[in-house]
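One structure is given here, and the rest of the page talks about it.
The values are calculated or read from the model by the stated rules, or taken from the named source; none is laboratory data. Small disclaimer: the values here were computed from a predicted structure and weren't measured. Positions of Cβ are generated from backbone atoms using ideal geometry, with glycine treated the same way; all protein chains shown enter the neighbour counts.
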Amino acid sequence: MDKLKEKTIKKEVVYDGHIIQVRKDEVELHDGSKADRELVIHPGGVGIAIEDEEGKFFMVKQYRYGQSKTMIEFPAGKKEKGEEPLTTAKRETVEETGYEGKDFIYLGSLVPTPAYDTEVIELYYAKQGEYKGQHLDDDEDLEVFKMSLEEITEKIVSGEIQDAKTIAMTFLIQKFKEKDRHE
């Protein structure tokens with residue numbers, strides 16, 4: 001048994017929104033004492049690194065309200081209720097870039113904020129497929145452009161790219177490509 005595990009005693013929904021739910025839970029700690037936990041319930045999402053024939057990756061630049069600034073990221077999106085992550089990845093690829101992805105490879109998952117958020121982001125690498133046309137959400141505004149893996153890495157090191165999923169995916173793709181070259 002995990003002695004660090006906390007036992008949930010009570011759950012109270014504080015906010016129930018379109019994308020997230022916020023709960024205040026009461027837990028019992030391993031020593032029998034009680035504590036409050038604030039939790040953001042999120043359906044999860046995907047990040048997709050789509051590479052074109054020239055070895056460049058589709059990137060998006062968009063304003064992120066929570067950070068009050070425009071950020072550079074790999075395309076990504078939220079899972080719909082009951083949707084499989086690969087289905088989300090395929091849908092979001094077309095919605096954000098206009099291109100289908102093909103030959104999807106699962107890179108793993110990322111837990112961006114484990115202390116208070118249930119979100120898990122599933123990470124994929126794919127090759128560029130056919131152009132189908134971009135289909136952004138009504139409240140979504142972004143610029144699509146391409147960068148090499150080296151350019152992405154440089155922007156991470158310089159601090160221009162701060163998005164956790166993009167940083168993690170860049171590392172994972174580099175390792176994947178190194179392994180692929182050695183096989």
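All conditions but one from (1) more than 15 Å from PHE57 (Cα to Cα); (2) modelled with pLDDT under 95 apply to TYR116; the one that does not is (2). For region 83-102, the criterion of being surrounded by fewer than 13 Cβ atoms within 10 Å (Cβ to Cβ) and either in a strand (DSSP E or B) or of a type in the set (Val, Ile, Thr) (or both) is satisfied by no residue at all.
Do we have ILE48 as under 25 Å from the mean Cα position of the chain (by Cα), surrounded by 15 or more Cβ atoms within 10 Å (Cβ to Cβ) and either among the aliphatic types (A, V, I, L, M) or outside any helix (DSSP H, G or I) (or both) here? So ILE48 passes the test. The set of residues in region 11-25 that are surrounded by 11 or more Cβ atoms within 10 Å (Cβ to Cβ) and in contact (Cβ under 8 Å) with a residue 12 or more places away in the chain comprises LYS11, ILE20, GLN21, VAL22, ARG23, LYS24, ASP25. For region 146-183, a residue qualifies if it is acidic (Asp, Glu) and either in contact with a His (Cβ under 6 Å, 6 or more places away or on another chain) or part of a helix (DSSP H, G or I) (or both), and the qualifying residues are GLU150, GLU151, GLU154, GLU178, ASP180.
Please enumerate the residues belonging to region 26-69 that are touching a residue at least 40 places away in the same chain (Cβ under 8 Å) and hydroxyl-bearing (Ser, Thr, Tyr). If the condition is that a residue be touching a residue at least 40 places away in the same chain (Cβ under 8 Å) and hydroxyl-bearing (Ser, Thr, Tyr), then TYR63 is the only one that fits.
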